[in-house]
Amino acid sequence: MRLPSAAGPGPGCPSRLPALLLLPLLSGCLGLVGAARRPNVLLLLTDDQDAELGGMTPLKKTKALIGEKGMTFSSAYVPSALCCPSRASILTGKYPHNHHVVNNTLEGNCSSKSWQKIQEPYTFPAILKLVCGYQTFFAGKYLNEYGAPDAGGLEHVPLGWSYWYALEKNSKYYNYTLSINGKARRHGENYSVDYLTDVLANLSLDFLDYKSNSEPFFMMISTPAPHSPWTAAPQYQKAFPNVIAPRNKNFNIHGTNKHWLIRQAKTPMTNSSIKFLDDAFRRRWQTLLSVDDLVEKLVKRLDSTGELDNTYIFYTSDNGYHTGQFSLPIDKRQLYEFDIKVPLLVRGPGIKPNQTSKMLVSNIDLGPTILDLAGYDLNKTQMDGTSLLPILKGDGNLTWRSDVLVEYQGEGRNVTDPTCPSLSPGVSQCFPDCVCEDAYNNTYACVRTLSSMWNLQYCEFDDQEVFVEVYNITADPDQITNIAKSIDPELLGKMNYRLMMLQSCSGPTCRTPGVFDPGYRFDLRLMFSNHGSIRMRRFSKHPL
């Protein structure tokens, strides 16, 4: 049966893009339309899959079919350790302070009408379809508030998608609703027809069977795994029976000299919390086995149809995850490596097999990379990221960035949680024993630096303490020791000023030389106001 298309009159139709919005995009790929063998692109996006705590271990097929056939990035980061801001960064190629999606709520601009009006017309899939002539296919989780009545409901299909199969709101495995090109389809709890990871696989295979062969295609498949509620397929529910969360050096220890939200965690954790996080860790791995099957099915189908050799395949996650680090049971949202570092594997034409890149990359680079592969002029965009194509092609004379920005605006209100009256105001995401994973002033920004000289993270919090955390990742990969008070003051000043620059950057200014780049210039006088006090970076309280 032929898949219904979102193209044509109605949602997703190119004619709905206002002419004034289309003008800046014109002349990008138009010269390439009709050119032979433009590459296809497949982007596989998981939900909450870490890179630091063994998140890729269950995915043996994926590592063999993508990583070993191409390049694995060992230093891939997200600009915000939370689903909706990170996904918005993938789609727009922008840092959160430029796309203004700051958390998972409508008030935080997650799939809001403002997002739909201001950002969606300029996402890289919209450019691929409307300018470059690609067939575009989406299946799975889009943004956490997608489908909300106040944001147009499931009838809303973002501009630029030929085929649209989007999950209503957040990740589920059963009992969910999909928007099928703007029409609701309810699914129940029958494994054979409703298990979402398998449904996404089947929809994707159908697309490959029935797509047009006269145009290149872009597919984005966004699985629920390994997000909670961690419901594995029946055949995998007994897998990894002896696996528990890693007991690394920062597991179940007190977060000394860290932000107050980390310091409030109870150490040692209760036996019930440890049992809960061990069970969650194992179940997360179990859900990923179905993702591994999905990858295998897609690669085999691309191979059998003769498309594999002309297809780039990207595999990544929207953010990392922690299970017991610094006595926080389970979540993300923190500035540490386990939450901001993600897997990134890429294979495709011209990429040599079994390559590992240590280059510092961010998910804001995915959009520019895919547009570059399509032949689009990246100067026509307002994206903050840069194309990874020179790295993928093995450019030996490449000069690359030495830092990326990470920023997060905490969820919560400045009131005391009645169930946890002893805690500071504004906490949220609290466990029964009053260990809370977020707070309204868990608002921070970091410069993550990686160079031949330093492997460093510098972070500032927007709170009454104006708290600063600095880590030497080379000497302290578990980020146990905050060296903010012992590091060279001149270096601290440079990092502070670089953070201010990145927090206010846009487009090309986000790609200016970092502190450890040869072209970096720093004037100590820039750090001080007319009154002689140190300048502190300003956080935006009004993201929209």
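Brief remarks on what is shown
- Eligible aspartates and glutamates near Lys238 by straight Cα distance, threshold 12 Å, same-chain separation 8 or greater: Asp279
- Legend: calculated FRET efficiency, Asp278 to Arg521, from the Cβ-Cβ distance at R0 = 35 Å, rounded to 0.05, equals 0.10.
- Rounded to the nearest 20 debye, the dipole size of the stretch 408-518 about its Cα centre is 460 debye, using +1 on the Cβ of Lys and Arg and -1 on the Cβ of Asp and Glu.
- Using C-alpha pairs under 8 Å with a sequence gap of at least 6, the mean separation divided by the residue count of the stretch 408-518 gives a relative contact order of 16 percent.
- Computed over the chain: relative contact order in percent, which uses C-alpha pairs under 8 Å that are six or more apart: 20
- Per residue, the chain exposes 39 Å² of accessible surface when a 1.4 Å probe is rolled over the protein heavy atoms with every protein chain present.
- With DNA, RNA and ligands ignored, accessible area of Asp395 (1.4 Å probe; Å², nearest 10): 80
- Only helical runs count toward this figure. For the chain, summing -39,500 (n - 2.57) over DSSP H runs of n ≥ 4 and dividing by all residues gives -6000 deg cm²/dmol at 222 nm.
- Accessible-area order (highest first, 1.4 angstrom probe) of the listed residues Met71, Met453, Met359: Met453, Met359, Met71
- Charge dipole (debye, nearest 20) of the stretch 40-396; +1 at Cβ of Lys and Arg, -1 at Cβ of Asp and Glu: 760
- DSSP bridge orientation in the chain - percent antiparallel, rounded to nearest 5: 60
- A simple packing score, the average count of other Cβ atoms within 10 Å per residue, orders the peptides 305-315, 383-393 as 383-393, 305-315, with the highest score first.
- Accessible area (Å², 1.4 Å probe, nearest 10) - Thr474: 100
- The string of couplings for the stretch 357-373 from the Karplus curve (6.51, -1.76, 1.60, θ = phi - 60°) is 10, 8, 4, 7, 10, 9, 5, 5, 7, 5, x, x, 5, 5, 5, 4, 4 Hz, one whole number per residue in order, with x for Gly and Pro.
- When a 1.4 Å probe is rolled over the protein heavy atoms, the share of accessible surface on the chain that falls to carbon and sulfur comes to 53 percent.
- Within-15-Å neighbourhood charge of Gln119 [Cβ basis; K, R +1; D, E -1]: +1
- Measuring r between the beta carbons of Val466 and Glu490 and using R0 = 25 Å, the FRET efficiency lands at 0.80.
- Between Asn397 and Lys300, the contour length at 0.36 nm per residue exceeds the alpha carbon distance by 31.4 nm.
- Taking label points 7 Å from Cα along the Cα-to-Cβ direction, Ile480 and Ser192 give a separation of 5.3 nm.
- Around Gln355: net Lys/Arg minus Asp/Glu count, Cβ-Cβ under 12 Å: +4
- Probe 1.4 Å - accessible area at Leu44, Å² to nearest ten: 10
- Each of Asn252, His99, Leu335 was placed along the dipole of the chain (beta-carbon charges, centred on the mean Cα), and the one lying farthest toward the positive end is His99.
- Under the criterion of Cα pairs below 8 Å and six or more residues apart, the relative contact order for the stretch 355-410 equals 39 percent.
- Whichever aspartates and glutamates have a C-alpha closer than 17 Å to that of Lys211, once near sequence neighbours (fewer than 8 apart) are set aside: Asp303, Glu307
- For Ser357, the residues whose amide H sits under 5 Å from its own are Thr72, Phe73, Ser74, ignoring neighbours fewer than 5 places away on the same chain, with H placed 1.01 Å from N.
- Beyond 29 Å in Cα-Cα separation lie the following of the pairs Lys341/Lys494; Lys60/Lys113; Lys113/Lys183; Lys249/Lys332; Lys60/Lys94: Lys60/Lys113; Lys60/Lys94.
- Environment charge of Ser506, counting only residues whose C-beta is closer than 13 Å and scoring Lys/Arg +1, Asp/Glu -1: +1
- Under 19 Å from the Ser452 label point (7 Å along Cα→beta-carbon), backbone N, the stretch 502-524: 513-521
The values are calculated or read from the model by the stated rules, or taken from the named source; none is laboratory data. Note that the structure is a prediction, hence the values are computed from the model and not measured. Virtual Cβ from ideal backbone geometry, glycine too; neighbours counted across all protein chains shown. Keep in mind that these areas ignore ligands, DNA and RNA; they rest on the heavy atoms of the full protein, side chains included. Shrake-Rupley method; radii C 1.70, N 1.55, O 1.52, S 1.80 Å.
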